[in-house]
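Colleague: What follows is a structure written as structure tokens; I'll ask about it next.
What follows draws every value from the coordinates through simple rules; no lab data is involved. Treat the numbers as computed from the prediction; the structure is a model and nothing was measured. Don't worry about glycine lacking a Cβ; one is built from the backbone with ideal geometry, like all the others, and counts go over all protein chains shown.
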Amino acid sequence: MLPYLLIVNRREHRLDVWYRGPLRKQYRLAESHLIAVGTEGHDTPAGVYFVIDKKAHPSYTVPDADWARELGWTPGDVFPPGDVNNPIPGAFLQLTEDPTGNIGIHGTAHPETLGTDASHGCVRVHPDVSLSLHRRIARQTPVVIL
């Protein structure tokens, strides 16, 4: 069994990290973080997911989506790590594969949006939190989105 379980509470804008050490049978709440979730029409999808990939300091490829074009971005353009336009500083924990943009947990270039509905479906956290999660959370870790 994996030592971590992540629970996303969209209503409370909170990510709870549950931990179970090697000698424990039950998870215990280890930490809680303020998050941003999807706006209306770009809702963060509820369900049970698993971390299928993770990347520290990822590049960002603009998806083929109306919202991206509305921002003046061209689908397929790539913002490398460190680029001021890269909306994913820190790390990205991928939960789904979707041709219009993968859903995941990632750092945000706009920490002032934490505690609100502000994303296009992803769960945003502070960049430092995303890097901490990247170091500790293994692929196949369950993520429950409520």
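Colleague: Evaluate Rg over Rh across the chain, taking Cα atoms for both radii and Kirkwood's formula for Rh.
Modeller: Using only Cα positions, Rg/Rh for the chain is 0.97.
Colleague: Calculate the spin-label point distance for residue 135 paired with residue 20, positioning each point 7 Å from the Cα along the beta-carbon direction, and give it in nanometres.
Modeller: Going by the 7 Å Cα→Cβ label model, 2.5 nm.
Colleague: What net charge do the residues around residue 1 carry, taking every other residue with its C-beta under 11 Å from that of residue 1, with Lys and Arg at +1 and Asp and Glu at -1?
Modeller: My count for the surroundings of residue 1 gives +3.
Colleague: Still on this model: Once each part is reduced to its C-alpha centroid, what is the distance from region 86-129 to region 23-68 in angstrom?
Modeller: Value for the Cα centre distance between the two parts: 6 Å.
Colleague: Related question: Report, to the nearest 10°, how far helix 127-136 tilts away from the longest principal axis of the Cα atoms in the chain, using its own Cα long axis and a range of 0 to 90°.
Modeller: Around 50 degrees separate the two axes.
Colleague: Rounded to the nearest 500, what is the chain's calculated 222 nm mean residue ellipticity when only DSSP H runs of at least 4 contribute -39500 (n - 2.57) each, over all residues?
Modeller: -2500 deg cm²/dmol
Colleague: In cubic angstrom, how much convex hull volume per residue do the alpha carbon atoms of region 34-91 span?
Modeller: In region 34-91, the Cα hull volume divided by residue count equals 129 Å³.
Colleague: Obtain the nm distance between the two label points defined at residue 32 and residue 117 by a simple spin-label model: each point lies 7 Å from its Cα along the Cα-to-C-beta direction.
Modeller: 2.2
Colleague: Once amide H atoms are built 1.01 Å from N in the peptide plane, which residues 5 or more positions from residue 53, or in another chain, come under 5 Å H to H?
Modeller: 94
Colleague: Once you list every other residue whose beta carbon is under 15 Å from the beta carbon of residue 75, what net charge do they have if Lys and Arg are +1 and Asp and Glu are -1?
Modeller: Residues close to residue 75 contribute a combined charge of -4.
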